[in-house]
Amino acid sequence: MHAVSVATGLALFNALPADEARAVLLACLHSPRWARRVADHRPYPTVDALLAAADEAAYDLGPGDLAEALAAEALPPLPPGTYEAAHTALRAAHAAYEARFGHVFVIYLGDTPAGETLDRLLEGIRSRLTNDPEEERVLAAEELRRLAGGRLLSRLTGTPDGTTSHDGAGRGA
């Protein structure tokens with residue numbers, strides 16, 4: 001897809017048939033309830049209105065919705081050129097996280113400079129491993145909300161989103 005202005009992307013999104021709009025949204029956050037709610041409130045007058053609606057719908061997700069969305073997430077990708085020892089450290093940290101919380105680690109990296117991605121991933125996992133399960137559920141839900149907003153904005157503009165892959169194919173660093 002070619003890069004387009006945000007206004008053009010919003011107009012195209014608003015004009016999509018409902019099932020296509022839900023498919024776009026499911027690529028941002030794999031929650032049918034969230035996608036249906038956001039799609040059903042179209043048309044949006046501004047991108048800010050769309051992102052606010054997406055946030056609100058994400059805040060309203062229940063535990064089952066969150067579990068479904070987390071199950072569809074892939075591990076955050078490592079930056080190109082990451083050395084093997086870093087891959088090993090990250091795989092071990094991810095394994096510890098999944099063993100403790102039962103789902104893949106999610107973190108929004110859209111505003112992280114490329115050279116700091118690995119450090120942010122490792123720091124995030126290590127610090128969040130000390131959370132109790134309820135506290136981590138809240139943090140994971142917040143990261144999913146941020147990921148969804150970043151992915152949605154990138155889909156509106158046709159630009160790479162810089163967030164985690166979403167197809168589940170990336171499980172394992």
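Over the stretch 19-83, Cα pairs under 8 Å with separation of 6+ residues give a relative contact order of 35 percent.
Here is how the number arises for the chain: DSSP H runs of 4 or more residues each give -39500 (n - 2.57), the sum is divided by the residue count, and the result at 222 nm is -19500 deg cm²/dmol. With the biggest extent put first, the Cα atoms of the chain measure 47, 35, 24 Å across the principal axes.
All distinct Cα pairs of the stretch 75-147 go into the 1/r average, and the inverse of that average, the Kirkwood radius, is 12.6 Å. Taking the inverse of the mean reciprocal distance over all distinct Cα pairs, the Kirkwood hydrodynamic radius of the stretch 1-100 comes to 15.9 Å.
Bear in mind that the values in this text are calculations on the coordinates, not laboratory data. Since this is a predicted model, take the numbers as computed values, not measurements.
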